[in-house]
1. Roughly how many Å is it from the Cα centre of the range 1-58 to that of the range 110-186, as a whole number?
2. Give a residue-ordered list of calculated ³J(HN,Hα) values for the range 131-145 (Karplus: 6.51 cos²θ - 1.76 cosθ + 1.60, θ = phi - 60°; whole Hz; x for Gly, Pro).
3. Using amide H atoms built 1.01 Å from N in the peptide plane, name the residues 5+ places from Asn146, or on other chains, whose amide H lies under 5 Å from its own.
4. Let me have the relative contact order for the range 96-194, percent, based on Cα pairs under 8 Å that are six or more residues apart.
5. May I ask you to list the lysines whose Cα is less than 23 Å away from that of Lys36, ignoring any residue fewer than eight positions away on the same chain?
6. If I model a spin label at Ala12 and Glu165 as a point 7 Å from the Cα along the Cα→Cβ vector, what separation in nanometres do I get?
7. Please compute, for the alpha-carbon atoms of the range 27-85, the extent along each of the three principal axes and give them in descending order in Å.
8. Normalised by the residues of the range 105-154, what does the relative contact order come to in percent, with Cα pairs under 8 Å and at least six apart?
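Rule-based calculations on the coordinates, nothing more; no lab input. Here the structure is a predicted model, which is why all the values come from computation and not from measurement. When we count neighbours, we look across all protein chains shown, and the Cβ atoms used for this are built from the backbone with ideal geometry, even at glycine.
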Amino acid sequence: MKNIMPNNGQFAMPELPYEALGNAISKETLSFHHGKHLKAYVDNLNKLLPGSGLEGLSLQEVVRRSEGAIFNNAGQVLNHTMYFEQFSPAPHAMSEAMKGLLERYFGSVEAFKKEFEQKGATLFGSGWVWLSADKEGKLVITQQKNAENPVTLGLTPLLTFDVWEHAYYLDYQNRRADYLVALWQIVDWQMVEDRM
Ligand code: MN
């Protein structure tokens, strides 16, 4: 994934690249999640950055170097940018190469999806489940709390499902597992693979 750079020390609000995502995520959820939750993280980060010593750095570098409120807001801007941009109402299917990698590291595509869903469903409280590549190209799944992002572990993040309640409660109430299963319908694998 490309480094996300600020303009005059301020990060721009990421555009939503679609208007709707079918039945997987409702327009109402998209409106609150992108328009209210992500907007608040972007606004908070831009208020906190001046005078922090982190001005001018890429968003990924701010996440690696910060802690406390700046880390929480920068992490959430990065996480949500990746989350929203990886979906499409008309997603590209997985390439044969990606299928081969998932088979190599997880046994099968279905086994990978099951483990990813299970790690998302069992993450206690708020956070994110991630697929990342390590420095040798090995694929790994991690559960990360709150605003954490795999870049802080030296990994290259490829795919993420948001398991904060705000991501699914309007559509799925307490059925987090159903939300996780539904997201496979809208994952744009070309976008995921471009992050490698
Ligand atoms: Mn969220």
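1. Here the two parts' Cα centres lie 19 Å apart.
2. Karplus values, whole Hz, x for Gly and Pro: 9, 9, 10, 8, 5, 8, x, 5, 8, 9, 10, 10, 9, 9, 7.
3. Amide H neighbours of Asn146, under 5 Å, 5+ apart: Ser126, Gly127, Trp128.
4. Computed value for the range 96-194: 24 percent relative contact order.
5. Lys27, Lys47, Lys145
6. 3.5 nm
7. 38, 19, 18
8. Relative contact order, the range 105-154: 31 percent.
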